[in-house]
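S.K.: Sending over a structure as structure tokens; questions will come in a sec.
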């Protein structure tokens, strides 16, 4: 899970750096829930017990 | 803030005041100070002064982003690559108390920095005095950061972190500087990209409507009823860049599972698909507007469709990288797939996260289909309630009971919430939203009932199962159900509380504190019911506060 958390920290950082525009195609305001959604989905996808 | 909740006694535990709790405390201290300062400082005031101060005002926000980005990237990779070394440093720092003299020095430096900021930002001093004050202002700021850092951990141990992680600091610095410069100057690529997007949207639009109104000079495109300007910022560059970052990091982190060089094809494929989906997004936006739903087109759809596309491509990327035998080495071919009914039992992540993910997914989709009011909010309640009902048998082992402590923590979180809201003055509109006020009494009452039910029932259960029930324990062990609910690591506690706070928008700092209080409620007795009761109490009090005192901006 640490890798997924780490990856999402980096993606969140990237979204803050790259999306600092007034009219974004990817709104910074929605970044939190969007990144939480993809992070959680990946945790579920990778979470199946071996 | 929190009392010592050390439950773990193994030699490798970091529940006492080791490295991670110190970093958490330092993060909270700096975040609180940054929040307080940013409430009344406006970069525009500094930019208007020109000269060096103007330069500082222009790059101030980027500098803060750079520092935050550096810390996040450095410690993420340090933890992933040098966990043993960090654990050793954590053991070394445990017997060392926080240095009160340096902490006092930090407070003094920040007081000087704040006073100088007041003078410089508020233009309370002339140009000559400002030139004298500027170096003092900068020095006080730097001293404040350094003294604060050294108060929580000695200089030698900071040096050891840098030493033990090799050249990570240099790579991180390069990445952050590159990101700042690229972010600042990326506009160069926007114009050619927007022309290609313009052509794509025009082609797609011609499949659905006739009589397209197009002006390639002004980049206006649409129909006689509804047209948009394809701004350079909306040219697809952002989404393509984001999926590029996602793909590179994914392939690096999970390189052991990928067949190289084949897996590299996923990166250009993801970028191209994301770019095409942006053209489809703009086409959809025009078609929605042309159909008469201009508020939806310019409101929710415009802001949400990009993230929906990113999530779809990112999920497709990870699915392909993990499931396509041509791309992965994980050997899924020929393995027996578990029957759907066993999925939850085999996957605790699904059990604890699906209710929360259903709220997020439905919330994103309904926001995209909404204008300036969330009429479809009841669907979030129904989605979470459905997920909880579907998984109800899996929650048999969950301790739902609670006593007085959980509600007390919830009441405290509520007090912090409204106090922080008053401090930040985030109040925009206090009146009931126009759309809701204009609805029939039956519809208005039904919407409010669903909103309250979601706030008091489904949201607390879903969020506490996800953050306190799953994530905190997942930082201890992959087998979360075998991990006692009173165990925790400071790293897990800190990151889950920060993530919880970030999800609460402008009131992110109040969200972090609330997350810590809910975690305290859980950890005191090891009952998730306490955390849920705390969260439900906060939300119930907020609902009453909104409805009784007309504080609608808090919803």
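Throughout, read-outs are computed from the coordinates displayed, never taken from laboratory work. None of the values given here were measured: they were computed from a predicted structure. When we count neighbours, we look across all protein chains shown, and the Cβ atoms used for this are built from the backbone with ideal geometry, even at glycine.
S.K.: Between residue B:486 and residue B:265, what length comes free when the chain is fully extended (0.36 nm per residue of separation minus the Cα-Cα distance, one decimal in nm)?
M.R.: 75.1 nm
S.K.: If you don't mind, there's one more thing I want to ask. In the range B:432-461, whose amide N lies under 15 Å from the spot 7 Å out along Cα-to-Cβ of residue B:550? List them in ranges.
M.R.: B:432-438
S.K.: Please compute the volume of the convex hull spanned by the alpha-carbon atoms of the range B:19-166 and report it per residue in Å³.
M.R.: 109 Å³
S.K.: Modelled label-to-label distance, residue B:231 and residue B:101, 7 Å Cα→beta-carbon offset: nm?
M.R.: Going from the residue B:231 label point to the residue B:101 one covers 5.4 nm.
S.K.: State, as an integer percentage, the relative contact order of the range B:19-166 based on alpha-carbon contacts under 8 Å between residues 6 or more apart.
M.R.: Computed over the range B:19-166, the figure is 32 percent.
S.K.: Counting pairs of alpha carbon atoms under 8 Å apart in space and at least six apart in sequence, what relative contact order in percent does the range B:410-555 give?
M.R.: 36 percent.
S.K.: Let me ask another. What is the log10 of I(q)/I(0) for the range B:349-554, computed with the Debye formula using one identical point scatterer on each Cα and no solvent, at q = 0.09, 0.15, 0.16 Å⁻¹?
M.R.: Relative scattering, expressed as log10 I(q)/I(0), comes to -0.34, -0.96, -1.09.
S.K.: With Kirkwood's inverse mean 1/r over C-alpha pairs for Rh, give me the Rg to Rh ratio of the range B:188-323, two decimals please.
M.R.: On the way: Rg = 16.6 Å, Rh = 15.8 Å.
Answer for the range B:188-323: 1.05.
S.K.: Taking each residue in B:499-509, count the Cβ atoms of any other chain within 10 Å of its Cβ, then average. What number comes out?
M.R.: Per residue, the number of nearby Cβ atoms from other chains is 2 on average.
S.K.: How crowded by other chains is B:239-246, given as the mean number of beta carbons from other chains within 10 Å of each beta carbon?
M.R.: Other-chain Cβ atoms within 10 Å of each residue's Cβ, averaged: 5.
S.K.: A follow-up question, please. In peptide B:66-78, what is the residue-averaged number of other protein chain Cβ atoms found within 10 Å of each Cβ?
M.R.: Partner-chain Cβ atoms within 10 Å, mean over residues of B:66-78: 3.
S.K.: Relative contact order for chain B using alpha-carbon pairs under 8 Å, separation at least 6, rounded to a whole percent? Each step should come with its number before you reach the end.
M.R.: Values: 671 pairs, mean separation 69.6, N = 555.
In percent, rounded to a whole number, it is 13.
S.K.: Still on this structure, I have one more. With only alpha-carbon atoms counted, please give the Rg and Dmax of chain B, in Å.
M.R.: Here Rg and the maximum Cα pair distance are 25.9, 77 Å.
S.K.: Another one. What nm distance separates the two modelled labels at residue B:196 and residue B:218, each placed 7 Å from Cα along Cα→Cβ?
M.R.: 2.7 nm
S.K.: To continue, here is another question. Fewest Cβ neighbours within 10 Å first, please rank B:443, A:45 accordingly.
M.R.: In increasing order of surrounding Cβ atoms, one gets B:443, A:45.
S.K.: Sticking with this one: Taking square-rooted eigenvalues a ≥ b ≥ c of the alpha carbon gyration tensor, is the range B:55-94 rounded, prolate or oblate, where a/c under 1.5 means rounded and, failing that, a/b exceeding b/c means prolate?
M.R.: prolate
S.K.: OK, next. Using only the C-alpha atoms of the range B:256-328, find the volume of their convex hull and express it per residue in Å³.
M.R.: 77 Å³
S.K.: For each of B:356, B:450, count neighbouring Cβ atoms within 10 Å of the residue's Cβ, then give the residues from fewest to most.
M.R.: With the fewest neighbours first, B:356, B:450 line up as B:450, B:356.
S.K.: On to the next question. Go ahead and estimate [θ] at 222 nm for chain B from helices alone: -39,500 (n - 2.57) per DSSP H run with n ≥ 4, summed, over the residue count, rounded to 500.
M.R.: Working: 22 runs with 360 residues, N = 555.
It lands at -21500 deg cm²/dmol.
S.K.: What's the ranking of B:414-422, B:293-301 by average number of surrounding C-beta atoms within 10 Å, highest first?
M.R.: B:293-301, B:414-422
S.K.: So between residue B:324 and residue B:272, what do we pick up on full extension, going 0.36 nm a residue minus the alpha carbon distance?
M.R.: So the chain would gain 16.8 nm between residue B:324 and residue B:272.
S.K.: Right, another one. Starting from the 7 Å offset along Cα-to-Cβ, what nm value, one decimal, do you get for the label separation of residue B:155 and residue A:46?
M.R.: According to this spin-label approximation, the distance is 4.0 nm.
S.K.: Based only on other Cβ atoms within 10 Å, what is the fewest-to-most ordering of B:282, B:67? If you can, show how the numbers build up before the last one.
M.R.: Numbers: B:282 26, B:67 14.
Going from sparsest to densest Cβ surroundings: B:67, B:282.
S.K.: Based on the mean of other Cβ atoms within 10 Å per residue, sort peptides B:211-224, B:534-547 so the most packed one is first.
M.R.: B:534-547, B:211-224
S.K.: So, R0 is 35 Å and r is the distance between the beta-carbons of residue B:393 and residue B:207; what FRET efficiency does that work out to, to 0.05? Numbers along the way, then the final one.
M.R.: Numbers: r = 48 Å, r/R0 = 1.36.
Computed FRET efficiency for residue B:393 and residue B:207 comes out at 0.15.
S.K.: Follow-up question, since we're still on this one. Per 0.36 nm of contour for each residue apart, how much would the distance between residue B:173 and residue B:424 grow if the chain were fully extended, relative to their Cα-Cα spacing?
M.R.: Gain on stretching residue B:173 to residue B:424: 87.1 nm.
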